[in-house]
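Read through the structure below, which is laid out as C-alpha cells, and then see the notes.
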Amino acid sequence: MGQVSQYLTFRLDDEIFGISINKVREVLEFIKLTKVPQTPDYMIGVINLRGNVVPVIDLKSKFGISMTEKTINTCIIIMEIDFKTETAIVGILVDSVQEVLELKDDDIEPAPKLGTRVNTEFIKGMGKHNDDFIIILNIDKIFVDENVLNFDNVESGAELQL
C-alpha cells in the first residue's frame, strides 16, 4: 500500500487541481488588492496580510487559461513556496476551493506528456478520485522562474518582497 497524502483541491474553470496541504497556510475570501505597476497581467496585486505584503497571482492567467472572474466563490489560497533554501509566502487566486482529499501514492499517475493546458513540468501527477482526475501541482515549480518576485532578500518564512 502506498503512503497517503492530503491535498487541497480547487477549481480553475471546469478543471480540478490539487496542492499539498503542507504548502497551504490559509484560505481567504477575495479581498481588495493593491495593483503594482509594470508587473505581468497574472500578477494581479498585493494584499496586506497581518502587516505583511503578499503578492497574489491569478493562477488561471498564469496558466494561460483566462483571467479569473470574481464571484462569491473566488478565493485566495495563501501558500508557502520553497525557493532554493528559502521559504516565501504567495497567494493564488482560484475560482473556488473544493475540499481536502486524501490520496494514496498509488492513486497518482505520472504527469501526461501531452493534452493538458498546463505545462507538464508544473504537474506532480494526475490523481484519481471517484470518476474524476485531479491535476496535482508542484506549486514550487510554478513560481521558480518568477520575475515579479524577488527571492534574493527572503528570510525563512518571510513574505516576498516586490
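Computed from the coordinates by the stated procedures, all read-outs in this text should not be read as laboratory data. Small disclaimer: the values here were computed from a predicted structure and weren't measured. Ideal geometry is used to build each Cβ from the backbone, glycine not excepted, and the neighbour counts take in all protein chains shown.
What GluC sites (Glu not before Pro) in the range 14-80 are in a loop by DSSP, with at most 13 other Cβ atoms within 10 Å of the Cβ? Could you put the intermediate results ahead of the total?
Values: sites: Glu15, Glu26, Glu29, Glu69, Glu80; in loops: Glu69.
For GluC sites (Glu not before Pro) across the range 14-80 that sit outside H, G, I, E and B with at most 13 neighbouring Cβ atoms in 10 Å, the list reads Glu69.
Let a ≥ b ≥ c be the square roots of the eigenvalues of the Cα gyration tensor of the range 1-99; is it rounded (a/c under 1.5), or, if not, prolate (a/b larger than b/c) or oblate? The shape class here is oblate. For the range 1-105, the set of trypsin sites (Lys or Arg not before Pro) satisfying both a DSSP loop assignment and a count of at most 10 other C-beta atoms within 10 Å is given as Lys32, Lys35, Arg50, Lys70, Lys84.
If neighbour count is taken as other Cβ atoms inside 10 Å, put Ile76, Ile108 in order from fewest to most. Don't jump to the answer; show the numbers that get you there.
Working: Ile76 24, Ile108 19.
Result, fewest neighbours first: Ile108, Ile76.
Legend: calculated FRET efficiency, Glu29 to Lys104, from the Cβ-Cβ distance at R0 = 41 Å, rounded to 0.05, equals 0.80.
Here the range 1-78 is assigned +1 on the Cβ of each Lys and Arg and -1 on the Cβ of each Asp and Glu. Its dipole about the Cα centre then comes out at about 320 debye.
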